[in-house]
Structure formats: structure tokens, C-alpha cells
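First the structure, in the form of C-alpha cells, and then the observations on it.
The values are calculated or read from the model by the stated rules, or taken from the named source; none is laboratory data. Bear in mind that the values here come from a model prediction, so they are computed numbers and not experimental data. Cβ coordinates were reconstructed from backbone atoms using ideal geometry, including for glycine residues, and neighbour counts include every protein chain displayed.
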Amino acid sequence: MSEQIQNSETTAAEIPQGDLRDKVIAALKTVYDPEIPVDIYELGLIYEINVFPVNNVYIQMTLTSPSCPSAEVIPGEVEQKVKEIPGVSSVKVELTFDPPYSQDMMSEAAKLELGFM
């Protein structure tokens, strides 16, 4: 996992992939599970972020459980927030439950926020 930002006048071809990846992470940190006061990135719900040529973004993620009440909302919000980043051409969000989510996937900041440390 990694992070970053950009100028809306820059064309898609001019955005370095590392910079765009950082912007994607920043956008993911604005998405929250409605039942947990920690963003999905720090919760460890993001398994993979790939930025391909022409600024196509692929995100593989999971949810806290397959029966999560927000299963239809969170992936759509992830897609929307990433599409709003200037220069992003397309976004694909793939939901997976392999490996299953566990609290061990949370960052230390998330564990502190939730009182697990």
C-alpha cells in the first residue's frame, strides 16, 4: 500500500503513476464503513491498487464480512471518489473475500482508534 496529489490542468498522460497512486490512496482515506469510525484504507479493506497506462485504476478490496450491510454502498463510493481525481481515465473496483478479512489487517492507527491496542 502507498499514497499522493495533482493539478486539474495537467493532462492524463502527464501524471506520473506514483503520484496518481498516492492520490488514489488519499481518496480511499475519505471512504468510511458507516458502522466503523475508521477509513477503509486504514481498516485494511484495500488489498491491491494498480495504476495502468493512460491512468486506468484497478482496486481489489474486501469488506469486513460477506454479509456487510454496506456491501453495495462502499464499492460504489470507492469508484466514485477515485473517478473524481483529475486525470483518472477509468476505475475498476473488484470485491473479493479471499483472503477473508481479519482485524490483523488493520493499521496500527486503526487499532488505536478502535481501542484494540
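Odds and ends about this structure:
- Restricting the first member to segment 35-50 and to residues that are touching a residue at least 12 places away in the same chain (Cβ under 8 Å), and the second to residues that are crowded, with 19+ Cβ neighbours inside 10 Å and of a type in the set (Gly, Ala, Ser), the beta-carbon pairs closer than 8 Å and six or more apart or on different chains are Val38/Ala110; Glu42/Ala110; Leu43/Ala110; Gly44/Ala110.
- Hits in segment 19-48 (condition: under 18 Å from Gly76 (Cβ atoms) and in contact with a Leu (Cβ under 8 Å, 6 or more places away or on another chain)): Asp33, Ile36, Asp39, Ile40, Tyr41, Leu45, Ile46
- Residues of segment 68-98 that turn out to be touching a Gly at 6+ places or on another chain (Cβ under 9 Å) and either among the aromatic types (Phe, Trp, Tyr) or in a helix (DSSP H, G or I) (or both), as a count: 0
- Met61 vs. criteria modelled with pLDDT under 90 and within 12 Å of the chain's Cα centre (by Cα): no
- When we screen Gly44, Gly76, Gly115 for residues that are more than 16 Å from Lys29 (Cα to Cα) and of a type in the set (Gly, Ala, Ser), the only hit is Gly115.
- Some residue of segment 25-40 being modelled with pLDDT of 95 or more, closer than 21 Å to Phe116 by Cα and assigned to a helix (DSSP H, G or I): yes
- Scanning segment 42-55 for residues that are on the phi > 0 side of the Ramachandran plot, surrounded by fewer than 20 Cβ atoms within 10 Å (Cβ to Cβ) and assigned to a helix (DSSP H, G or I) turns up at least one hit.
- Looking only at segment 59-86, and only at residues there that are over 12 Å from Tyr101 (Cα atoms) and touching a helix residue (DSSP H, G or I) at 6+ places or on another chain (Cβ under 8 Å), the one that is surrounded by the fewest Cβ atoms within 10 Å (Cβ to Cβ): Glu84
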